[in-house]
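Notes follow the structure.
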Amino acid sequence: MAEMKTLPVLPLRDIVVFPQMVAPLFVGRDKSVRALEEVGSDGGEIMLIAQRDASTDDPVKEDLYETGAVATILQLLKLPDGTVKVLVEGVERARIHHFSDNEEFFQAHAEIVEDRDDETAELEALARSVIAQFEQYVKLNRKVPPEVLVSLNQIDDPSKLADTMASHMALKIAEKQELLEIEGTTERLERVYSLMEDEIGVLQVE
């Protein structure tokens, strides 16, 4: 039986947060600020879910994707204008089972999504070829800091590898969300590889 958690939910407009990814967020909407207040500061957990449409100012449940990331709050800073700057770190995938009745902020019962793949020789070989492809991508795409490659070479878990690369690629929200929703590590690495191939093709033309 998968683990369930009940967590406040923070809808995100234009970012998909992956496990292992650290991201600064600026939060200004009342509901979202209240969700953060509920979690409190350092070490509290919150669920991060991307909106289907970034332009929706006051999203309802149907405007949110079902799969997101459970994240811990590393730092929380209230700014003078009432907005909150928060530094989060993605921990694990989770899928919303249902929302609680809560007027103050979004709160959901979420099921933790485990990775579906065993360590195999094929998986390791695939991971190596995806890293080689990513090196090519970084050479062409100046926006990715070179030290990302150093950190990638220290990751021996193929699932973390796929998520870390996905978080650094310049993809559309829908594409990142698609990668977040893929539970199988092999399948996710293959998808990262093919998206990267497309990107490399575009960058080479440019």
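The values are calculated or read from the model by the stated rules, or taken from the named source; none is laboratory data. If you're wondering where the values come from, they're calculated on a predicted model, not measured in any experiment. Virtual Cβ from ideal backbone geometry, glycine too; neighbours counted across all protein chains shown. When the accessible area is computed, the model is the full protein with side chains, heavy atoms only, and any ligands, DNA or RNA have been set aside. Shrake-Rupley method; radii C 1.70, N 1.55, O 1.52, S 1.80 Å.
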(message) Under a crude label model (7 Å from the Cα following the beta-carbon direction), how far is Met1 from Asp101 in nanometres?
(response) 2.4
(request) Give the cross-link partners of Lys85 among the aspartates and glutamates, using a straight C-alpha distance below 13 Å as the criterion and excluding same-chain residues fewer than 8 apart. (result) Glu37, Asp42
(message) Mean Kyte-Doolittle hydropathy of -1.0 or higher plus an axial Cα length of 15 Å or more: which whole DSSP H helices in the chain meet both?
(response) 121-140, 158-168, 185-205
(request) Determine the distance separating the Cα centre of region 82-110 from the Cα centre of region 121-184; give it in Å without decimals. (result) 26
(request) Run down the lysines and flag those whose C-alpha is under 23 Å from the C-alpha of Lys139, throwing out any fewer than 8 positions away in its chain. (result) Lys160, Lys172, Lys176
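Full-extension gain between Glu206 and Asp14, please, as 0.36 nm times their residue separation minus the C-alpha to C-alpha distance.
Extending this stretch completely gives an extra 66.6 nm.
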(request) Mark the label point 7 Å from the Cα of Glu114 along Cα→Cβ and return the residues of region 182-206 whose backbone N is within less than 17 Å of it. (result) 183-186
(request) Could you please put Met4, Met196 in sequence from largest to smallest accessible area, using a 1.4 Å probe? (result) Met4, Met196
